[in-house]
Amino acid sequence: MKLKGKAWKFGADVDTDAIIPARYLNTTDHKELAKHCMEDANPDFVKKMKGGDIIVADKNFGCGSSREHAPISIKAAGISCVIAKSFARIFYRNSFNMGLPIFESATASENIKEGDEIELDPSTGVIHNLTKKEKYQAKPIPLFMQELINVGGLMNYVKRKVA
Amino acid sequence: MGMTITEKILAEHAGKKRVSPGDLIMSKVDIALGNDITAPLSIEEFKKAGAKKVFNKDKVVLVPDHFAPNKDIKSAQQVRILKNFAKDYKITNYFEMGRMGIEHALLPEEGLVLPGDVIIGADSHTCTYGALGAFSTGVGSTDLAAAMITGETWFKVPESMKFIFYGKLKKWVTGKDLILYTIGKIGVDGALYKAMEFTGEIIDNLPMDGRFTMTNMAIEAGAKSGIINPDDITMEYVEGRAKRKFKIYESDKDATYSDVFEFNGKDIEPQVAFPHLPSNTKPISKVGKVKIDQAVIGSCTNGRISDLREAASVLKGKKVHKDVRMIVIPATQRIYKMAIDEGLIDIFIDAEAVVSTPTCGPCLGGHMGVLAEGERAISTTNRNFVGRMGHPKSEVYLSNPAVAASSGVLGRICSPDEIE
């Protein structure tokens with residue numbers, strides 16, 4: 001299934017406190033976390049974004065805390081995927097475990113402008129910029145991570161082991 | 001070809017003779033840690049997976065420290081989840097208020113984490129334990145849930161970077177300054193996915209507390225882990241604390257590193273990281289006039305006894321500036337008691353600082369020192385992101401304890417030399 005939505009641009013080193021501020025971490029409720037998604041980076045983000053929209057950022061997206069609340073709040077807000085030049089490692093791992101699709105592409109990060117219509121094919125990593133009529137290629141997902149996704153995420157992998 | 005300490009520990013835990021950077025391995029876990037923010041999600045996943053028991057009731061550690069002592073009803077509910085889970089699954093190492101401390105100061109102090117271990121924790125500063133010569137890294141709640149069930153987790157073996165510190169430390173320079181200086185040089189993603197190995201004569205002479213501070217902030221350079229080869233200082237610390245066997249690993253002389261950085265103590269002053277990234281560092285002599293509203297001394301980075309001693313040495317006989325709130329937080333109950341016995345708490349209270357029970361509280365803008373709009377803090381904590389300590393329009397400057405203490409006295413960021 002292709003992912004399609006409008007691009008929301010963010011800069012470099014977007015940290016987990018910007019994605020979901022710690023003051024909201026006294027709950028694990030996904031809907032509650034979604035309400036404050038990206039609040040300290042763009043206070044109007046949740047009000048203005050629509051389901052399916054895509055976050056496009058510069059390098060080191062998701063740096064800082066190990067809080068899984070960060071990918072949860074993005075996913076629960078309805079964002080279909082995140083494209084960045086690079087991701088911080090715990091965020092990268094968490095996103096796969098949570099089932100939030102993320103893609104590394106420097107050219108996409110540089111060329112996509114806020115508001116561009118983007119269509120992305122997760123199976124090939126091909127990113128279409130429908131507004132600018134451009135194509136970018138995301139780095140392929142490592143085989144091991146694909147296997148995790150194929151069995152339905154980390155916990156399903158574990159369930160198989162336990163059973 | 002030789003191996004790094006990180007590769008050796010991971011190979012042993014994966015049941016392999018050797019591993020190389022890039023290898024995907026399934027590794028045994030010696031300790032799996034969660035706190036009041038991250039463990040509730042893990043427990044939810046644990047139950048959803050239908051698990052009946054944890055892999056080892058002595059190897060799962062739960063520490064309510066972030067919003068504890070409970071700051072509001074929601075936080076109390078979270079802590080309750082940990083407490084009930086610990087009871088139901090007979091977890092030995094659940095730490096209730098009064099026995100609790102900030103996790104990354106508490107676990108080494110209790111001898112729960114040891115040299116040669118593989119440790120994962122659902123907290124990014126889990127990398128702290130690398131100071132003991134262990135492989136230790138932060139993961140998310142779901143990774144923790146899986147490890148609580150299976151006692152295993154998967155890793156991609158990281159490349160190692162070597163940081164050699166030559167020479168001697170200048171006056172007032174501590175482990176905090178060495179790591180801030182390093183992050184200032186390589187950036188907040190300078191060590192992305194890699195293991196940072198700290199070595200050289202300065203590290204050889206650095207006490208354990210300073211070593212913990214350094215490996216604690218490896219994540220602030222994007223690293224997977226920070227590590228220091230164990231030596232006599234490590235062994236002295238571990239002796240009397242360890243309740244199980246452990247193994248010492250060391251990097252081979254011909255081990256491979258992706259990068260080698262060489263720094264000299266003569267070039268390193270006390271450092272201050274300006275908003276809003278830990279890499280935005282300046283030497284104290286170049287800070288200029290920066291007025292502050294709050295000074296925080298504590299956290300998993302700098303809440304240990306030598307940190308409190310350094311702060312007290314500056315504060316003795318002085319008063320906190322009338323426009324400043326100073327908040328001192330010993331990281332564990334044991335450190336708190338030592339500080340009382342040594343007269344440090346008297347010094348803090350006589351200086352008109354607040355002394356709190358152990359908590360992560362202000363570091364993440366949780367409680368016990370949240371900043372208002374436009375307020376500015378100097379803090380011995382580890383992050384100065386936008387809104388980290390409170391209002392999105394507040395600012396955090398990171399420093400060592402002596403600089404934070406002296407800044408609290410003058411009401412602006414300064415070197416301890418300025419108030420002596």
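The values are calculated or read from the model by the stated rules, or taken from the named source; none is laboratory data. None of the values given here were measured: they were computed from a predicted structure. Heads up, the Cβs are rebuilt from the backbone with ideal geometry, glycines too, and the neighbour counts pull from every protein chain shown. Only protein heavy atoms, including side chains, enter the accessible area calculation; ligands, DNA and RNA are left aside. Shrake-Rupley method; radii C 1.70, N 1.55, O 1.52, S 1.80 Å.
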Note to self: Under a Cβ-only charge scheme (Lys and Arg +1, Asp and Glu -1), can you give me the dipole magnitude of the protein assembly as shown about the Cα centre, in debye to the nearest 20?
What the structure shows: 1380
Next item on the list: Return the FRET efficiency for the residue pair B:Asp350, B:Ala372: r is the Cβ-Cβ distance, R0 is 25 Å, and the value is rounded to the nearest 0.05.
Entry: 0.40
Checklist line | Rg followed by Dmax, in Å, when the range B:271-419 is reduced to its Cα trace | finding: 13.6, 39
Check: Hey, can you list the residues from the range B:114-152 whose accessible area shrinks by 50 Å² or more with all protein chains present, relative to the chain by itself (probe 1.4 Å, no ligands or nucleic acids)?
Finding: B:Thr142, B:Asp143
Checklist line | Amide hydrogen neighbours beyond the local backbone of B:Leu371, cut-off 5 Å, H modeled | finding: B:Gly390, B:His391
Next item on the list: Report the paramagnetic label zone for A:Lys35: residues of the range B:32-58 whose backbone N is under 20 Å from a point 7 Å from Cα along the Cα-to-Cβ axis.
Entry: B:37, B:41
Item checked: Integer Hz, Karplus 6.51/-1.76/1.60 couplings in order for the range B:48-61, x for Gly and Pro -> 4, 6, x, 5, 9, 8, 7, 4, 7, 5, 8, 10, 9, 10
Check: For the protein assembly as shown, what is one quarter of the convex hull surface built on the Cα atoms, given in nm²?
Finding: 24.5
Margin query: Solvent-accessible area of B:Leu344, probe 1.4 Å, all protein chains present, reported in Å² to the nearest ten, please.
Written below: 10
Checklist line | Solvent-accessible area lost in complex, 40 Å² minimum, residues of the range A:21-45 relative to chain alone, 1.4 Å | finding: A:Ala22, A:Arg23, A:Leu25, A:Asn26, A:Thr28, A:Asp40
Checklist line | Distance from the range B:181-239 to the range B:397-419 (C-alpha centre basis), Å | finding: 24
Item checked: Cα-projected label distance for A:Lys4 with B:Lys322, points at 7 Å along beta-carbon direction, nm -> 6.7
Notebook entry, point to check: Taking one equal scatterer on every alpha-carbon of the range A:1-110, how large is log10 of I(q)/I(0) by Debye at q = 0.14, 0.18, 0.23 1/Å?
Noted result: -0.45, -0.78, -1.38
Checklist line | For chain B, projected area of the alpha-carbon convex hull averaged over all directions, nm² | finding: 18.8
Notebook entry, point to check: Taking only protein heavy atoms and a 1.4 Å probe, what accessible area per residue, in Å², does the range B:271-419 have with all protein chains in place?
Noted result: 34
Notebook entry, point to check: So for the pair B:Ile248, B:Ser285, with labels modelled 7 Å out along Cα→Cβ, what separation do we get in nm?
Noted result: 3.9
Check: Using the Cβ atoms and a cut-off under 12 Å, what net charge is assigned to the surroundings of B:Gln271, where Lys and Arg are +1 and Asp and Glu are -1?
Finding: +2
Checklist line | Fraction of accessible area attributable to carbon and sulfur, the range B:271-419 (%, probe 1.4 Å) | finding: 51
Notebook entry, point to check: Counting only protein heavy atoms and rolling a 1.4 Å probe, how much accessible area do A and B lose on contact, total for both sides, in Å² to 100?
Noted result: 3800
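Based on DSSP H runs of at least 4 residues, each adding -39500 (n - 2.57), what is the mean residue ellipticity at 222 nm of chain B after dividing by all its residues, to the nearest 500 deg cm²/dmol?
Computed ellipticity for chain B at 222 nm equals -8500 deg cm²/dmol.
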Checklist line | Built amide H within the under 5 Å cut-off of B:Val61, gap 5+ | finding: B:Ala32, B:Leu33, B:Gly34
Item checked: Normalised contact order of chain B, rounded percent, pairs of Cα under 8 Å and 6 or more residues apart -> 17
Next item on the list: Of the listed pairs B:Lys168/B:Lys316; A:Lys9/B:Lys289; A:Lys9/A:Lys139; A:Lys85/B:Lys16; A:Lys85/B:Lys282; A:Lys139/B:Lys253, which have alpha-carbon separations greater than 30 Å here?
Entry: A:Lys9/B:Lys289; A:Lys85/B:Lys16; A:Lys139/B:Lys253
Check: What trypsin sites (Lys or Arg not before Pro) in the range B:160-233 are in a loop by DSSP, with at most 13 other Cβ atoms within 10 Å of the Cβ?
Finding: B:Lys168, B:Lys170, B:Lys171
Margin query: Once you place label points 7 Å from the Cα toward the Cβ at B:Ile340 and B:Phe261, how far apart are they in nm?
Written below: 4.1
Note to self: I'd like the Karplus ³J(HN,Hα) series for the range B:140-149: coefficients 6.51, -1.76, 1.60, θ = phi - 60°, whole numbers in Hz, and an x wherever there's a Gly or Pro.
What the structure shows: x, 5, 6, 4, 5, 4, 4, 5, 5, 7
Check: Given a 1.4 Å probe, how much area per residue of the range B:5-262 is accessible, in Å²?
Finding: 35
Check: For the range B:230-314, what are the per-bin percents of Cα-Cα distances with bins 5 Å wide, up to the bin holding the maximum?
Finding: 3, 8, 10, 15, 17, 16, 14, 11, 5, 2, 0
Margin query: Using 0.36 nm times the number of residues separating B:Phe55 and B:Lys168, minus their current alpha carbon distance, what extension gain do you get?
Written below: 36.1 nm
Item checked: Greater than 24 Å apart at Cα, pairs in A:Lys159/B:Lys59; A:Lys47/B:Lys48; A:Lys59/B:Lys266 -> A:Lys47/B:Lys48; A:Lys59/B:Lys266
Checklist line | chain A, helix-only ellipticity at 222 nm - DSSP H runs n ≥ 4, -39,500 (n - 2.57), divided by all residues, nearest 500 | finding: -8500 deg cm²/dmol
